[in-house]
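See below for the structure under consideration.
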Amino acid sequence: MKSTNRFLLAAVWVLLFFAPRAYGQTEVKLNGVYALGGVIDLSVEVPISSRLSLASEFLYSPWESVKLGGHSRPEKFGYVLGELRWYFKKTDRDHHRGWWVSGDAGALVMMKMSRPYYFERGKFIHWANKYERGTGFLIGPSVGYKWILGEHFTLDAYVGGLFVVGWYNGYFLYDVYGPGGEIVHRKDEIIMKPHRPNQPEIDDPWNGSSNWIPRFGVNVAYKFL
């Protein structure tokens, strides 16, 4: 609950930071693709020149339980992202439209996720008995296209990627039993020896990793101010 509250406070702060009118009309957006999956993805875009705009985005996945591999797995996370967007088509105090590219950077504010499976050389091995809690940062590019639907509405489709560097602790997702039926590890017990290329001499649960994740959506926006 504390992690969720910190995430929401950070998201509100970022949105308020970009809220003042700068150039043209401010847009408030909802990602319709993620909304279909029960994930909240809101953003605010503020034009600052005839080609540039600043945007802030906050995404929150509230899913505490997703049934995968015979077990309920948490897929709960949230991030705050800042975006500098450049439009190919110049506008003179009109609405930005057409093709655009952007650079994005932000923070993975909270994470409680289960990576459901292990792969080795592209081949499935087994379902993972763990979930992770932690934070991280994100950076990456995007490209998209914006349509003007009227005086107050736009449609914005985009694809991109985010390079995520995260730090976290791992926990057992369910009890692990030994050959005699005794419990070896209990559910929610911290994993003291996470998988690493080189294990330290002293057990340390703190772990980290980095990877690319896709970013995409179709934003429906309302223009005001």
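The values are calculated or read from the model by the stated rules, or taken from the named source; none is laboratory data. All values derive from a computational prediction rather than experimental measurement. Quick reminder, even Gly has a Cβ in these numbers, built from the backbone with ideal geometry, and neighbours come from all protein chains shown.
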> Which strands (runs of 3 or more DSSP E) does region 56-163 wholly contain that include 3 or more residues that are out of contact with any Pro (no Cβ under 6 Å at 6 or more places or on another chain) and modelled with pLDDT of 90 or more?
Replying inline: 71-87, 98-113, 131-148
> Just for region 170-204: of the residues that are closer than 29 Å to GLY106 by Cα and modelled with pLDDT under 85, which one is surrounded by the most Cβ atoms within 10 Å (Cβ to Cβ)?
Replying inline: PRO194
>> Given (1) assigned to a loop (DSSP other than H, G, I, E, B); (2) touching a His at 6+ places or on another chain (Cβ under 9 Å); (3) surrounded by fewer than 17 Cβ atoms within 10 Å (Cβ to Cβ), identify the lone condition not met by TYR222.
In response: (1)
>> Out of the residues in region 60-117 meeting the condition of being crowded, with 19+ Cβ neighbours inside 10 Å and aliphatic (A, V, I, L, M), tell me which one is farthest from the chain's Cα centre (by Cα).
In response: MET113
>> When you check SER43 against the structure, is it hydroxyl-bearing (Ser, Thr, Tyr), out of contact with any Cys (no Cβ under 9 Å at 6 or more places or on another chain) and loosely packed, with under 15 Cβ neighbours inside 10 Å, yes or no?
In response: no
>> Checking the conditions here, which among GLY24, GLY38, GLY32 is small (Gly, Ala, Ser) and at pLDDT below 85?
In response: GLY24
> Just one of LEU149, LEU173, LEU155, LEU162 is of a type in the set (A, V, I, L, M) and within 18 Å of the chain's Cα centre (by Cα); which is it?
Replying inline: LEU162
> Restricting the search to region 158-169, which residues are more than 30 Å from GLY98 (Cα to Cα) and surrounded by 15 or more Cβ atoms within 10 Å (Cβ to Cβ)?
Replying inline: GLY166, TRP167, TYR168, ASN169
>> Could you go through region 186-209 and let me know if any residue there is small (Gly, Ala, Ser) and on the phi > 0 side of the Ramachandran plot.
In response: no
